[in-house]
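Pasting in a structure now, in structure tokens, and then I'll have a few things to ask.
The values are calculated or read from the model by the stated rules, or taken from the named source; none is laboratory data. None of the values given here were measured: they were computed from a predicted structure. Using ideal geometry, Cβ is built from the backbone for each residue, glycine included, and neighbour counts are taken over all protein chains shown. For accessibility, only protein heavy atoms count, side chains too; no ligands or nucleic acids. Shrake-Rupley method; radii C 1.70, N 1.55, O 1.52, S 1.80 Å.
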Amino acid sequence: MSQALQNWKEEINQCDSLKALEDVRVRLLGKSGEITQMLKTLGALDAELRREKGLEINQLKEAVYLSLEEKRAHLTTHALEDKLTAEAVDVTLSIRPESIGTLHPITRTIEEITSYFAKAGFSVAEGSDIEDEEHNFNALNIPEHHPARQSIDTFYLNAEKMLLRTHTSSVQIRTMKTTPPPIRILSLGRVYRSESDATHTPMFHQVEGLVIDKDIHMGHLKSTITDFLRHYFGIADLPMRFRPSFFPFTEPSAEVDIGCSREGGALKIGSGKDWLEILGCGMVHPKVLTNCGINPDIYQGFAFGMGLDRLSMLKYGLPDLRPFFESDARWLKHYGFSPYLSAGL
Ligand code: DAH
């Protein structure tokens, strides 16, 4: 190896940055670099010598080039390693929960309920806030002029009778029309009615459950509701009663009350002599099944519906519904939940 090549290799080796290496490359192989200049002298030589010297210089050039590339690869890996070390994140450091805010009580309640029912095999079905009369009323066995329609202050959107859904029961219809049984769904979301006071807002939330299969009876409905409410309120012997009631889309229908005490003006769930109505439920009316193309002689089912906001208020002791929707950061900070705590029941 020529002395020159050895010196250059050493110089390349001593480069400690990509920038220094690039400087050496330009000095040797650039347009007016040392080796480039050597090649330019070849033209003046006679043919024999030119071939001989040409070969020699080109070998030199090749060797320098390889050595530059090798060093470049080495420096690049190191540069990456250095960068990774400098930017390393210590994942064992403790978290700072305050930096990402809190979960709204409704979000928390939705998570609790969906995770409970997911374990029982229910999936979440989506509907839309804007509905038509067919899905919100007719198919649910609430035809025009039915008293149940008059008792609800519906927000109508236009002459085509589009409306803001008054309950999540519309999702039952959408699901049954598109999904062959067996069905086991939960539908949670916003519903709208023109009413407003401490416990009513024009927009609120409901959760709806629907099970359709062969040989489904009231016993299934009763145990599903009982187990859920006892889990939700964390009271193993929560007193409960199923009261006969009426809904056009279920037959028979029931309302469920849970035991509570109102002594001294304070509401306490689970003990005492009083009752608190918490949800509506029943066996899906054969007419509703037929409306959705399901044969009631083969399939039966049960459904239930309840107010999410009310469930949230009762469990977490929130007296007024209106602040739920006022987006007051102080209220949220006080009543919100840490996003890091599991909502699993
Ligand atoms: N849709 C009813 C309401 O808004 C609640 C309800 C009652 C839903 C009984 C049901 C049910 O699925 O079976 O008041």
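Relative to the longest principal axis of the chain, what angle (0 to 90°, nearest 10) does the C-alpha long axis of helix 3-14 take?
Helix 3-14 and the main axis of the chain meet at about 20 degrees.
Tabulate in residue order the Karplus-calculated ³J(HN,Hα) for the range 38-48, using 6.51 cos²θ - 1.76 cosθ + 1.60 with θ = phi - 60°, rounded to whole Hz; enter x for Gly and Pro.
Once rounded to whole Hz, the list reads 4, 5, 5, 6, 4, x, 7, 8, 7, 3, 4.
Could you pull out the GluC sites (Glu not before Pro) across the range 223-299 that fall in loop regions by DSSP (anything but H, G, I, E, B) with no more than 10 other Cβ atoms inside 10 Å? Numbers along the way, then the final one.
Details: sites: GLU255, GLU263, GLU277; in loops: none.
Answer by residue number: there is no such site.
Provide the percentage of antiparallel DSSP beta bridges, counting only those with both residues in the chain; round to the nearest 5.
On the way: 47 of 49 bridges.
Given both bridge residues lie in the chain, the antiparallel proportion sits at roughly 95 percent.
DSSP loop (so not H, G, I, E, B), at most 13 other Cβ within 10 Å: list which trypsin sites (Lys or Arg not before Pro) in the range 236-345 pass both filters. Write down the numbers at each step before the final one.
Working: sites: ARG241, ARG262, LYS268, LYS273, LYS287, ARG310, LYS315, ARG330, LYS333; in loops: ARG262, LYS273.
Taking the range 236-345 and a limit of 13 other Cβ atoms within 10 Å, the loop trypsin sites (Lys or Arg not before Pro) found are ARG262, LYS273.
Considering the options VAL64, GLY101, VAL89, tell which one lies farthest towards the positive end of the dipole of the range 49-150, charges being +1 on Lys and Arg and -1 on Asp and Glu at the Cβ, about the Cα centre.
So the residue furthest toward the plus end is VAL64.
Ok, one more. What is the angle, in °, between the Cα long axis of helix 218-233 and the longest principal axis of the Cα atoms in the chain? Nearest 10 is fine, range 0 to 90.
The angle comes out at about 60 degrees.
For the chain, the longest stretch holding no chymotrypsin sites (Phe, Trp or Tyr not before Pro) located in a DSSP loop with at most 16 other Cβ atoms within 10 Å is which?
On the way: sites that count: PHE155, TYR340.
My reading of the result: 156-339 is the longest stretch.
How long are the semi-axes of the equivalent ellipsoid of the chain, taking √(5λ) for every eigenvalue λ of the Cα gyration tensor, in whole Å from largest down?
Numbers: eigenvalues 1186, 142, 76 Å².
Three semi-axes, in Å: 77, 27, 20.
While we're looking at this one, here's another question. Using helices alone, I'd like the mean residue ellipticity at 222 nm for the chain: each DSSP H run of four-plus residues gives -39500 (n - 2.57), total over residue count, nearest 500.
Values: 12 runs with 142 residues, N = 345.
Value at 222 nm, helices only, nearest 500: -12500 deg cm²/dmol.
Heavy atoms of the protein only, probe of 1.4 Å, neighbouring chains included. What is the accessible area of HIS145 in Å², nearest 10?
Counting only protein heavy atoms, HIS145 exposes about 150 Å² to solvent.
Right, here's the next one. With a cut-off of 8 Å between alpha carbons and a minimum separation of six or more residues, what is the relative contact order of the chain in percent?
Working: 505 pairs, mean separation 58.6, N = 345.
Contact order relative to length: 17 percent.
Can you tell me what percent of all Cα-Cα pairs in the range 1-116 are more than 26 Å apart?
Working: 3452 of 6670 pairs.
Percent of Cα pairs beyond 26 Å in the range 1-116: 52.
Quantify, in whole percent, the carbon and sulfur part of the accessible surface of the chain (1.4 Å probe; protein heavy atoms only).
Numbers: 10560 of 19460 Å².
With neighbouring chains kept in place, the figure for the chain is 54 percent.
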